[in-house]
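First comes the structure, then the notes that go with it.
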Amino acid sequence: MPVGNKPSVLFWVICVTLLLWGIGGVSIYVAYVLETPEEFAATAEAPENREAYAQYVANIPAWAIGVGIVAAAARLFAAFCLLLRRAWALPLYIASLVFFLVALYRAFVIANVASVMSGAHIGTELVFLALNVFAIWFAAEKKSKGILS
């Protein structure tokens, strides 16, 4: 590989950060399966919203959880692709964003989850959305510079 295609230390820091975000995303969906709605709500929501959020979690359809799992898995595989400097990171991050947007639409538009979430939790969802958009930009940028092949 040409010297100009050598990734910087910042590249590796961002890759590891995106990997940790990917692992965290998968762990959230593992919690949906292993924890009761009340246990999940206790770790995910502010005390004043826990009961209503637990009710919301109890009524999430299986297909919606599946969409979230696909989004999280695509994000995690994309992070591994970045670490391996593979161009597959870009389409995987795009797929992750598409599935995440479907999950957000179902949650916020169809199920009105904002009515049972704290402002901090809604903010976290927006940060995750921004991270996904950043990851797409980052992968595209590194692919265009020949860092990913």
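Please determine, by comparing only the residues of the range 34-73 that are aromatic (Phe, Trp, Tyr) and modelled with pLDDT of 90 or more, which one is nearest to the chain's Cα centre (by Cα).
Once the filter is applied, the top-ranked residue is TRP63.
Against the conditions (1) assigned to a helix (DSSP H, G or I); (2) under 30 Å from ASN5 (Cβ atoms), where does ALA87 fall short? Just the number, please.
Here ALA87 clears every test but (1).
Restricting attention to the range 121-149, and to residues there that are of a type in the set (Phe, Trp, Tyr) and without any contact (Cβ under 8 Å) to a residue 60 or more places away in the chain, which single residue is farthest from GLY22 (Cα to Cα)?
The selected residue is TRP137.
Only one of these is surrounded by 17 or more Cβ atoms within 10 Å (Cβ to Cβ) and under 15 Å from PHE128 (Cα atoms): ALA89, ALA103. Name it.
Criteria check complete, one pass: ALA103.
When both residues are 6+ apart or on different chains and their Cβ atoms are under 8 Å apart, which pairs have a first residue that lies in the range 108-120 and is within 14 Å of ALA64 (Cα to Cα), and a second that is surrounded by fewer than 15 Cβ atoms within 10 Å (Cβ to Cβ)?
PHE108/ALA114; ALA111/ASN59
The values are calculated or read from the model by the stated rules, or taken from the named source; none is laboratory data. Note that the coordinates shown come from a computational prediction; the quantities given were computed from them, not determined experimentally. Cβ sites come from the backbone with ideal geometry, for glycine too, and all protein chains shown count toward neighbours.
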